[in-house]
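The values are calculated or read from the model by the stated rules, or taken from the named source; none is laboratory data. The model shown is predicted, which means the values in this text are computed figures rather than measured ones. Cβ placement follows ideal geometry from the backbone for every residue including glycine, while neighbour counts extend to all protein chains displayed. The accessibility values were calculated without ligands, DNA or RNA, using every heavy atom of the protein model including side chains. Shrake-Rupley method; radii C 1.70, N 1.55, O 1.52, S 1.80 Å.
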Amino acid sequence: AKPEPLKIMIAGAPASGKGSQCEMIVKKYGLVHIAAGDLLRAEIAAGTENGKLAKEYMEKGMLVPNEIVVALVKERLQQPDVQQNGWLLDGYPRSLSQAKALEDLCIRPDIFILLDVNEETLVERVVGRRLDSLTGKIYHLKYSPPETEEIAARLVQRFDDTEEKVKLRLKTHHQNIESVLSLYEDVIVKVNGNLSKEDVFNEIDRQLNMLLEMKSKEDPSS
Ligand code: AP5
(Lines give C-alpha, C1' and ligand atoms only; values in the text may rest on other atoms or scores of the structure.)
Protein backbone atom coordinates (compact mmCIF):
# COMPACT_ATOMS: atom_id res chain seq x y z
CA ALA A 1 0.00 0.00 0.00
CA LYS A 2 1.05 3.56 -0.68
CA PRO A 3 1.98 5.57 2.43
CA GLU A 4 -0.51 8.28 3.37
CA PRO A 5 0.11 11.44 1.32
CA LEU A 6 1.71 14.49 2.94
CA LYS A 7 -0.36 17.10 4.72
CA ILE A 8 1.35 20.47 5.05
CA MET A 9 0.40 23.87 6.41
CA ILE A 10 2.50 26.91 5.55
CA ALA A 11 2.19 30.25 7.35
CA GLY A 12 4.03 33.53 7.65
CA ALA A 13 3.52 37.25 7.41
CA PRO A 14 2.26 38.83 4.18
CA ALA A 15 4.87 38.44 1.41
CA SER A 16 7.00 36.12 3.53
CA GLY A 17 7.21 33.83 0.48
CA LYS A 18 4.42 31.32 1.11
CA GLY A 19 3.12 31.32 -2.47
CA SER A 20 6.62 31.16 -3.98
CA GLN A 21 7.61 28.20 -1.80
CA CYS A 22 4.29 26.48 -2.53
CA GLU A 23 5.03 26.62 -6.28
CA MET A 24 8.31 24.80 -5.62
CA ILE A 25 6.85 22.29 -3.13
CA VAL A 26 4.01 21.38 -5.52
CA LYS A 27 6.45 20.87 -8.39
CA LYS A 28 8.51 18.39 -6.39
CA TYR A 29 5.91 16.68 -4.19
CA GLY A 30 2.74 16.84 -6.33
CA LEU A 31 0.50 17.99 -3.47
CA VAL A 32 -2.70 19.96 -4.03
CA HIS A 33 -2.06 23.63 -3.24
CA ILE A 34 -4.97 25.27 -1.47
CA ALA A 35 -4.41 28.99 -0.87
CA ALA A 36 -7.15 30.81 1.03
CA GLY A 37 -6.18 34.13 -0.61
CA ASP A 38 -6.35 32.60 -4.11
CA LEU A 39 -9.78 31.07 -3.41
CA LEU A 40 -11.00 34.50 -2.29
CA ARG A 41 -9.51 36.27 -5.33
CA ALA A 42 -11.26 33.70 -7.55
CA GLU A 43 -14.58 34.63 -5.90
CA ILE A 44 -13.85 38.31 -6.53
CA ALA A 45 -12.99 37.62 -10.18
CA ALA A 46 -16.21 35.63 -10.58
CA GLY A 47 -18.17 38.62 -9.23
CA THR A 48 -20.09 36.63 -6.60
CA GLU A 49 -21.75 38.21 -3.56
CA ASN A 50 -19.17 36.49 -1.33
CA GLY A 51 -16.42 37.89 -3.52
CA LYS A 52 -17.75 41.43 -3.20
CA LEU A 53 -17.95 41.16 0.57
CA ALA A 54 -14.52 39.51 0.81
CA LYS A 55 -12.93 42.34 -1.15
CA GLU A 56 -14.11 44.93 1.38
CA TYR A 57 -12.21 43.11 4.13
CA MET A 58 -9.14 42.39 2.01
CA GLU A 59 -8.83 46.05 1.09
CA LYS A 60 -8.63 46.87 4.78
CA GLY A 61 -6.10 44.11 5.42
CA MET A 62 -8.56 42.36 7.70
CA LEU A 63 -9.51 38.70 7.90
CA VAL A 64 -12.50 37.84 5.73
CA PRO A 65 -15.39 36.49 7.87
CA ASN A 66 -15.35 32.77 8.61
CA GLU A 67 -18.76 32.24 6.95
CA ILE A 68 -17.02 32.83 3.64
CA VAL A 69 -13.50 31.46 4.10
CA VAL A 70 -14.20 28.32 6.11
CA ALA A 71 -16.75 27.04 3.59
CA LEU A 72 -14.44 27.71 0.62
CA VAL A 73 -11.48 25.87 2.15
CA LYS A 74 -13.56 22.99 3.53
CA GLU A 75 -15.14 22.38 0.15
CA ARG A 76 -11.76 22.30 -1.59
CA LEU A 77 -10.24 19.98 1.04
CA GLN A 78 -12.98 17.44 0.53
CA GLN A 79 -12.38 16.91 -3.17
CA PRO A 80 -10.95 13.55 -4.31
CA ASP A 81 -7.64 14.87 -5.71
CA VAL A 82 -6.80 16.17 -2.24
CA GLN A 83 -7.48 12.81 -0.58
CA GLN A 84 -5.36 11.10 -3.19
CA ASN A 85 -2.36 13.44 -3.52
CA GLY A 86 -2.19 15.16 -0.14
CA TRP A 87 -2.54 18.86 0.57
CA LEU A 88 -0.57 22.04 1.07
CA LEU A 89 -2.64 24.63 2.92
CA ASP A 90 -1.37 28.17 2.38
CA GLY A 91 -2.65 31.05 4.53
CA TYR A 92 -5.14 28.88 6.38
CA PRO A 93 -5.96 28.59 9.25
CA ARG A 94 -5.35 32.21 10.18
CA SER A 95 -7.27 32.30 13.45
CA LEU A 96 -8.01 29.98 16.32
CA SER A 97 -11.61 29.53 15.17
CA GLN A 98 -10.46 28.49 11.67
CA ALA A 99 -8.00 26.01 13.20
CA LYS A 100 -10.76 24.60 15.38
CA ALA A 101 -13.06 24.20 12.37
CA LEU A 102 -10.37 21.90 10.91
CA GLU A 103 -9.95 20.02 14.18
CA ASP A 104 -13.69 19.31 14.13
CA LEU A 105 -13.16 17.55 10.80
CA CYS A 106 -10.11 15.70 12.25
CA ILE A 107 -7.87 17.54 9.77
CA ARG A 108 -4.33 18.01 11.14
CA PRO A 109 -1.05 18.61 9.33
CA ASP A 110 2.06 16.41 9.47
CA ILE A 111 4.11 19.60 9.54
CA PHE A 112 3.41 23.32 10.05
CA ILE A 113 6.01 25.44 8.26
CA LEU A 114 6.41 28.95 9.62
CA LEU A 115 8.36 31.36 7.39
CA ASP A 116 10.19 33.96 9.44
CA VAL A 117 11.08 37.21 7.61
CA ASN A 118 12.19 40.69 8.78
CA GLU A 119 9.65 43.46 8.50
CA GLU A 120 11.63 45.78 6.13
CA THR A 121 12.12 42.85 3.76
CA LEU A 122 8.38 42.15 3.75
CA VAL A 123 7.53 45.68 2.63
CA GLU A 124 10.10 45.56 -0.17
CA ARG A 125 8.75 42.21 -1.35
CA VAL A 126 5.14 43.42 -1.38
CA VAL A 127 5.82 46.59 -3.29
CA GLY A 128 7.87 44.81 -5.99
CA ARG A 129 5.59 41.79 -6.39
CA ARG A 130 3.85 41.21 -9.73
CA LEU A 131 1.73 38.31 -10.98
CA ASP A 132 1.50 36.83 -14.45
CA SER A 133 -2.13 37.54 -15.38
CA LEU A 134 -2.18 34.41 -17.57
CA THR A 135 -0.58 31.75 -15.35
CA GLY A 136 -0.76 33.31 -11.88
CA LYS A 137 3.00 32.78 -11.44
CA ILE A 138 4.60 35.04 -8.83
CA TYR A 139 7.36 37.48 -9.84
CA HIS A 140 9.33 40.27 -8.21
CA LEU A 141 10.70 43.21 -10.20
CA LYS A 142 14.08 42.87 -8.45
CA TYR A 143 14.31 39.34 -7.02
CA SER A 144 12.42 37.22 -9.58
CA PRO A 145 12.10 39.27 -12.77
CA PRO A 146 10.02 37.90 -15.66
CA GLU A 147 11.89 35.61 -18.08
CA THR A 148 10.60 37.20 -21.30
CA GLU A 149 9.28 40.52 -22.65
CA GLU A 150 6.01 38.78 -23.37
CA ILE A 151 5.52 37.85 -19.70
CA ALA A 152 6.67 41.32 -18.59
CA ALA A 153 3.85 42.85 -20.65
CA ARG A 154 1.26 40.68 -18.87
CA LEU A 155 2.32 41.42 -15.27
CA VAL A 156 -0.27 42.82 -12.89
CA GLN A 157 -0.17 44.07 -9.31
CA ARG A 158 -2.50 42.89 -6.53
CA PHE A 159 -4.97 45.51 -5.24
CA ASP A 160 -3.73 45.02 -1.67
CA ASP A 161 -0.01 45.28 -2.49
CA THR A 162 0.72 48.81 -1.32
CA GLU A 163 2.96 49.83 1.55
CA GLU A 164 -0.02 51.24 3.44
CA LYS A 165 -2.10 48.06 3.05
CA VAL A 166 0.71 45.68 3.87
CA LYS A 167 1.10 47.42 7.23
CA LEU A 168 -2.56 46.70 8.00
CA ARG A 169 -2.17 43.07 6.82
CA LEU A 170 0.90 42.72 9.01
CA LYS A 171 -0.99 43.99 12.05
CA THR A 172 -3.75 41.42 11.46
CA HIS A 173 -1.10 38.71 11.11
CA HIS A 174 0.50 39.61 14.46
CA GLN A 175 -2.89 39.68 16.18
CA ASN A 176 -3.73 36.13 15.13
CA ILE A 177 -0.62 34.04 14.56
CA GLU A 178 0.16 33.11 18.18
CA SER A 179 -3.24 31.54 18.76
CA VAL A 180 -2.90 29.46 15.61
CA LEU A 181 0.61 28.32 16.57
CA SER A 182 -0.62 27.21 19.98
CA LEU A 183 -2.66 24.48 18.31
CA TYR A 184 0.18 23.05 16.23
CA GLU A 185 3.10 23.29 18.68
CA ASP A 186 4.09 19.66 18.19
CA VAL A 187 4.57 19.96 14.39
CA ILE A 188 5.90 23.53 13.89
CA VAL A 189 9.12 23.99 11.94
CA LYS A 190 10.41 27.56 11.80
CA VAL A 191 12.30 28.37 8.60
CA ASN A 192 14.45 31.44 7.96
CA GLY A 193 12.60 33.10 5.06
CA ASN A 194 15.08 35.98 4.63
CA LEU A 195 17.36 33.87 2.44
CA SER A 196 17.05 33.45 -1.33
CA LYS A 197 14.03 31.56 -2.66
CA GLU A 198 16.25 28.57 -3.50
CA ASP A 199 17.91 28.48 -0.07
CA VAL A 200 14.55 28.68 1.69
CA PHE A 201 13.29 25.83 -0.46
CA ASN A 202 16.38 23.71 0.27
CA GLU A 203 15.63 23.94 3.98
CA ILE A 204 11.94 23.09 3.48
CA ASP A 205 12.90 20.21 1.20
CA ARG A 206 15.29 18.86 3.85
CA GLN A 207 12.53 18.98 6.46
CA LEU A 208 10.04 17.25 4.15
CA ASN A 209 12.55 14.48 3.36
CA MET A 210 13.05 13.87 7.05
CA LEU A 211 9.31 13.75 7.54
CA LEU A 212 8.80 11.27 4.69
CA GLU A 213 11.51 9.05 6.08
CA MET A 214 9.86 9.11 9.49
CA LYS A 215 6.45 8.36 7.98
CA SER A 216 7.77 5.39 6.02
CA LYS A 217 9.32 3.93 9.19
CA GLU A 218 6.02 4.31 11.02
CA ASP A 219 4.12 2.65 8.18
CA PRO A 220 5.30 -0.96 7.83
CA SER A 221 3.32 -1.46 4.59
CA SER A 222 5.43 1.04 2.63
P1 AP5 B 1 -3.06 36.14 0.99
O2 AP5 B 1 -3.28 36.11 -0.46
O3 AP5 B 1 -2.88 34.86 1.69
O4 AP5 B 1 -1.88 37.15 1.28
P5 AP5 B 1 -0.74 37.22 2.39
O6 AP5 B 1 -0.82 36.29 3.52
O7 AP5 B 1 -0.67 38.65 2.71
O8 AP5 B 1 0.49 36.65 1.66
P9 AP5 B 1 0.96 37.03 0.26
O10 AP5 B 1 0.21 36.26 -0.79
O11 AP5 B 1 0.94 38.52 0.15
O12 AP5 B 1 2.49 36.65 0.28
P13 AP5 B 1 3.25 35.26 0.22
O14 AP5 B 1 3.71 34.91 1.58
O15 AP5 B 1 2.51 34.23 -0.56
O16 AP5 B 1 4.54 35.75 -0.59
P17 AP5 B 1 4.96 35.53 -2.13
O18 AP5 B 1 5.50 34.16 -2.32
O19 AP5 B 1 3.92 36.02 -3.07
O20 AP5 B 1 -4.26 36.90 1.69
C21 AP5 B 1 -4.76 38.12 1.21
C22 AP5 B 1 -5.95 38.58 2.03
O23 AP5 B 1 -7.00 37.61 1.93
C24 AP5 B 1 -5.72 38.74 3.53
O25 AP5 B 1 -5.20 40.01 3.84
C26 AP5 B 1 -7.14 38.52 4.07
O27 AP5 B 1 -7.90 39.70 3.94
C28 AP5 B 1 -7.70 37.47 3.15
N29 AP5 B 1 -7.47 36.10 3.67
C30 AP5 B 1 -6.56 35.20 3.21
N31 AP5 B 1 -6.62 34.06 3.95
C32 AP5 B 1 -7.58 34.25 4.89
C33 AP5 B 1 -8.09 33.46 5.95
N34 AP5 B 1 -7.62 32.23 6.21
N35 AP5 B 1 -9.08 33.98 6.71
C36 AP5 B 1 -9.58 35.22 6.47
N37 AP5 B 1 -9.12 36.02 5.51
C38 AP5 B 1 -8.13 35.56 4.71
O39 AP5 B 1 6.23 36.51 -2.17
C40 AP5 B 1 6.08 37.91 -2.10
C41 AP5 B 1 7.08 38.59 -3.07
O42 AP5 B 1 8.42 38.36 -2.63
C43 AP5 B 1 7.03 38.04 -4.51
O44 AP5 B 1 7.25 39.10 -5.40
C45 AP5 B 1 8.19 37.03 -4.58
O46 AP5 B 1 8.73 36.93 -5.88
C47 AP5 B 1 9.18 37.63 -3.60
N48 AP5 B 1 9.91 36.60 -2.85
C49 AP5 B 1 9.40 35.47 -2.28
N50 AP5 B 1 10.36 34.79 -1.65
C51 AP5 B 1 11.51 35.51 -1.80
C52 AP5 B 1 12.86 35.33 -1.34
N53 AP5 B 1 13.22 34.26 -0.60
N54 AP5 B 1 13.78 36.27 -1.67
C55 AP5 B 1 13.43 37.37 -2.41
N56 AP5 B 1 12.16 37.59 -2.87
C57 AP5 B 1 11.21 36.67 -2.56
Angle, helix 119-128 long axis vs. longest principal axis of the chain, Cα atoms, 0 to 90°, nearest 10?
-> 60 degrees
Formal net charge of residues neighbouring ASN66 (Cβ-Cβ distance under 13 Å; K, R +1; D, E -1) = +1
Using a/c under 1.5 as the rounded threshold, could you call region 95-157 rounded, prolate or oblate? The axes a ≥ b ≥ c are square roots of the C-alpha gyration tensor eigenvalues, and prolate needs a/b larger than b/c, oblate otherwise.
-> prolate
Of 39-51, 60-72, ordering from highest average Cβ density within 10 Å down gives 60-72, 39-51
How far is helix 49-59 tilted off the main Cα axis of the chain, in degrees rounded to 10, range 0 to 90?
-> 70 degrees
Within straight-line cross-link reach of LYS55, lysines at Cα separation under 26 Å, skipping those fewer than 8 residues along the same chain | LYS18, LYS74, LYS100, LYS137, LYS165, LYS167, LYS171
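Give me the percent of accessible area attributable to carbon and sulfur for region 50-127, probe 1.4 angstrom.
Details: 1810 of 3780 Å².
Carbon plus sulfur share of accessible area: 48 percent.
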Using Cα centres only, tell me the gap between region 8-29 and region 98-127 in whole Å.
-> 9 Å
Cross-link reach list, aspartates and glutamates versus LYS142, counting only Cα pairs under 13 Å and skipping chain neighbours closer than eight places = GLU124
Quick one: accessible area per residue over region 80-222, 1.4 Å probe, rounded to a whole number of Å²?
-> 57 Å²
Helix 163-183 sits at what angle to the longest principal axis of the chain, using alpha carbons and giving 0 to 90 degrees rounded to 10?
-> 20 degrees
Peptides ranked, highest mean first, by Cβ atoms within 10 Å: ranges 141-147, 29-35 = 29-35, 141-147
